[in-house]
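Everything below concerns the one structure shown next.
What follows draws every value from the coordinates through simple rules; no lab data is involved. Bear in mind the structure is a predicted one, so any value in this text is a computation, not a measurement. Neighbour counts are summed over all protein chains in view; Cβ atoms, including those assigned to glycine, are modelled from backbone coordinates with ideal geometry.
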Number of protein chains: 2
Amino acid sequence: MNAVAVMEETKKLNAFFNPRSAAIIGASKKTAKAGNVIFKNFAYNKTRGVFKGEIYPVNPNEESILGFKCYPSITEIPEELELIVIVVPAKIVPTIMEEAVTKQVKTAIIISSGFREIGNTELEEQLVTIAKKAGIRILGPNCLGVYYQKTGVDTLFLPETKVLTTGDEVIATPRPLVGDIAIVTQSGAFGVAALDFLAGRQIGISKFVSFGNKCDVTESEMMHYLLYDNETKVILLYVEDIKYGRQFLKIARKVTIKKPIVALKAGRSAAGARAAASHTGAIAGSDKIYDAAFEQTGVIRARDMEEFFDMGKALAMQPPALGKNIGVLTDAGGPGIMAVDECESSGLSVDRFSEETLQKLQKLKDQGVLPKFAAISNPVDLTGSVTDDMFEVAADLMFQDPKVHGIILLGLHHLPALREKYIDSVVKVSGKYTKPIVMCDIGETEMALYTRFRFDKLGIPSYPSPEDAARAIKALVSYGAYLKKNNCAEEYIGEFLKKKKM
Amino acid sequence: MNAVAVMEETKKLNAFFNPRSAAIIGASKKTAKAGNVIFKNFAYNKTRGVFKGEIYPVNPNEESILGFKCYPSITEIPEELELIVIVVPAKIVPTIMEEAVTKQVKTAIIISSGFREIGNTELEEQLVTIAKKAGIRILGPNCLGVYYQKTGVDTLFLPETKVLTTGDEVIATPRPLVGDIAIVTQSGAFGVAALDFLAGRQIGISKFVSFGNKCDVTESEMMHYLLYDNETKVILLYVEDIKYGRQFLKIARKVTIKKPIVALKAGRSAAGARAAASHTGAIAGSDKIYDAAFEQTGVIRARDMEEFFDMGKALAMQPPALGKNIGVLTDAGGPGIMAVDECESSGLSVDRFSEETLQKLQKLKDQGVLPKFAAISNPVDLTGSVTDDMFEVAADLMFQDPKVHGIILLGLHHLPALREKYIDSVVKVSGKYTKPIVMCDIGETEMALYTRFRFDKLGIPSYPSPEDAARAIKALVSYGAYLKKNNCAEEYIGEFLKKKKM
């Protein structure tokens, strides 16, 4: 395909996120059914004015569902259809797709499972053959589909709340806030778990796509779509395999000079690959090939789930680092050492500051602005005598040091003279520089949660352990190095800071 | 020292935790001072009947503090003193110690800093020389000392709550519940951060000891003391260096055949070691030596903070595994693969089940007890059709398989037909076997938190990511292998299960 054709294909994907009309095939009145939850999502969003298009439940056994007229098949629907969501048993799906061809539908999300992942490869290929006749794009099968807050497209069949046996209703699958991170995931269950994690941590998302067996639309096409999506700053990609290697390499390269991609690639071990094959029919291939592909294309690979989210958060909130030397600023010696250890073991450095910075810090010690027992050669350890003001002056000096490319701040709130005032002043200082900063406070009770939440809210990503903070800044260093190598670091940082100020 | 003398020395350490009388030197009325917080802890615990001994504030400038008669020096106190807590500037500490000799004090906790960690090595050695004259044992200096709920000894100068600039009072340094885990830490700040973490996660502790510069009592002696402490099941040890290598090897070996030790050794990198030197005066030495020492003595080394706590929790709640093959039971494909990947990459295996188990699982599928799309060869993936009952039957079969040495359960609560009933039934099943089980649910909102909390409460350690769960069971495998090698696995497991039932 030439460039114009590629862009046309990409534009078509828009109907997954912003359809003028949608039919839910397999819509149901029975609350235990996926078709009930999904249609309810649309109906709820439609009646509240979030979903602005038309919606049509399709089920031959019902006259109406939740007050909406029900159709026996999509061919009976008088208006045009941009999106169909299919939630019926696998064996009926080809028939539905034939009807979709007749109806000239643009896009189809096939939630149903029972295809390639259990060996029914032919049945799955049949779908693609049918869809190709009318240029219908398919997401799935065996997927959760799309969640996009702004237009109210929500094909997740996992209800937001559940009622326990005690009768209590509790949040079970929350939808997160609006934010900058797109989630693109092969595993549906991991996808909803991600939503739950991000909602609880108050990290917002721009779009959520679960693509399952990806018989048609691939992870790469979706990344290409997100490249042109102004609401997405970072792409988090969970994959068990990658379908077309060349397509991936080409698109990933194109995306990563504009937007960071963090990948969590499962099935890296032999037993893991075996499990992946029976999950989404993935043929995982050698893990080294993936490592090389990610490295070449500037995709940042997360080692595990926590790192995946931690890196995404850092990249969404902070500019990349233009070098690998990290300044560590702490009020707690031990956690400072832990951060340094993690930096060094992941290939970052924590070198002594420049002589000028050391002299300035020493002067502040002599003047009593910093504690007389403070260590200052990097890490700066403000010790148990730390006050709110000390963090501000020390951070400012560290940002100024040309040898420092980014800062890890360990602001353990426990120390007696520290209150919450330092949060705002550190944020203010960091706003003067284009270097990144991440922070850590340890603890799971009120003041720790408050401190981390406040930093997050003001744009400095916070982490619950020193090592997590170090791994997060590692992502900023890796991404910065890739951008520099491709001569687009300045442009990216310029754009990033412009958007951040908006 | 012969064995009897060693035991005598160990018994002496009891006065740190259970003193019949305690003086706080540097007790103060000024709320910003450490001497105020510490004396208040004792005063509060004394008036509420928790601390049953006598307490004496010592400060030449006050007549009384918080209603307790104040003494100008310990030599003026008419009664015997078992414990003194010193919170005065470093240069006065030798004088106080001379008085302690006169007074025949048993134990001294020196909170004050300004010794070896800033190069004042002589001043620190002076303390030891003085103490030796009367056989006084010193904890510290430059430490936080002891927290022990049962007797009300609380020398932490970090107040439990803080008042923010808004006027709101919030939990800042919570004291955790009573439990099985002892925390022994060189870094005070890390120690309180640990308390905050454990309190928030509702993990209880038996004793907390921060030993700082350890001029006298070493980490090894403390571990030896805890070996004979019936309240401690697991020891979590944070160190930046180990003082006497031989003593450590000898004692660690003695302890680990009875109680697991998890170590977090900071300062493993060159820059980290440099930071450690200026923190507690630690001379970190080659990290490989530590690796070898831990390996030889059966001490389990945690790679980072999170693993440290995760492993401690697993060892406190579950018996060790007598082999390294793990059964993975999941309702979510992707997270199942992530657990398998982490198992394999950390040296565990996830082999196919025995033929007998596979046949039984297949029969359950045929009967419709398990979903027809379920994967069963390990992992068992119950898929999105999971119900509460399925987890119970599948777990039972997996426990029975002689090839399975431990189970990771991934019970993602999001799936529609799953409620909370399965928690209790899985706990019941696991109670029939002596093999360990750990669990994971992903999410940070209500039902995820409820699920993890409930499992914890019922004795199955829960984790927020699949990889965390895999690393936790790795600790149970490592410890099991060490016990087997030393022919004491059966005895340990017998004791462990007996205590668990109490």
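Below is a table of values for the structure above.
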{"item": "Area projected by the alpha carbon convex hull of region B:387-446, averaged over all directions, nm²", "result": "4.1 nm²"}
{"item": "Ranking of A:451, A:129, A:185 by count of other Cβ atoms within 10 Å, fewest first", "result": "A:129, A:451, A:185"}
{"item": "Label geometry 7 Å along the beta-carbon vector: residue A:345 inter-copy distances in nm", "result": "1.4"}
{"item": "For region B:113-166, projected area of the alpha-carbon convex hull averaged over all directions, nm²", "result": "6.0 nm²"}
{"item": "Nearest beta-carbon to the B/A symmetry axis - residue in chain B, distance in Å", "result": "B:306, 4"}
{"item": "Debye-sum result for the protein assembly as shown in log10 I(q)/I(0), which assumes one identical scatterer on each alpha carbon, at q = 0.10 Å⁻¹", "result": "-1.18"}
{"item": "Sparse-neighbour loop sites [trypsin sites (Lys or Arg not before Pro); region A:214-304; at most 15 other C-beta within 10 Å; DSSP]", "result": "A:258"}
{"item": "Pseudo-label separations to other copies for residue A:2 - Cα-to-Cβ vector, 7 Å, nm", "result": "9.8"}
{"item": "Convex hull projection area averaged over all views, region A:25-91, Cα basis, nm²", "result": "4.7 nm²"}
{"item": "Alpha-carbon centroid distance for the pair region A:321-382 / region B:421-482, whole angstrom", "result": "39 Å"}
{"item": "Normalised convex hull volume, region A:1-142, alpha-carbon set, Å³ per residue", "result": "111 Å³"}
{"item": "Using a 7 Å Cα-to-Cβ projection, residue A:229 label spacings across copies, nm, ascending", "result": "5.2"}
{"item": "Volume of the Cα convex hull of region B:296-426, divided per residue and given in Å³", "result": "121 Å³"}
{"item": "Cα-Cα separations in region B:266-343 greater than 18 Å, expressed as whole percent", "result": "63 percent"}
{"item": "Cα Rg over Rh - chain A, Kirkwood", "result": "1.03"}
{"item": "P(r) histogram, all alpha-carbon pairs of region B:319-501 included - 5 Å bins from 0, percent", "result": "1, 9, 18, 22, 22, 15, 8, 3, 1, 0"}
{"item": "Low-density loop positions, trypsin sites (Lys or Arg not before Pro), region A:368-425 - DSSP coil, at most 13 other Cβ in 10 Å", "result": "A:372"}
{"item": "Calculated P(r) tail over 24 Å for region B:158-317, as whole % of Cα pairs", "result": "33 percent"}
{"item": "GluC sites (Glu not before Pro) restricted to region A:48-119 and DSSP loop, no more than 13 other C-beta within 10 Å", "result": "A:63, A:79, A:80"}
{"item": "For chain B: relative contact order, % (alpha-carbon pairs under 8 angstrom, 6 or more apart)", "result": "10 percent"}
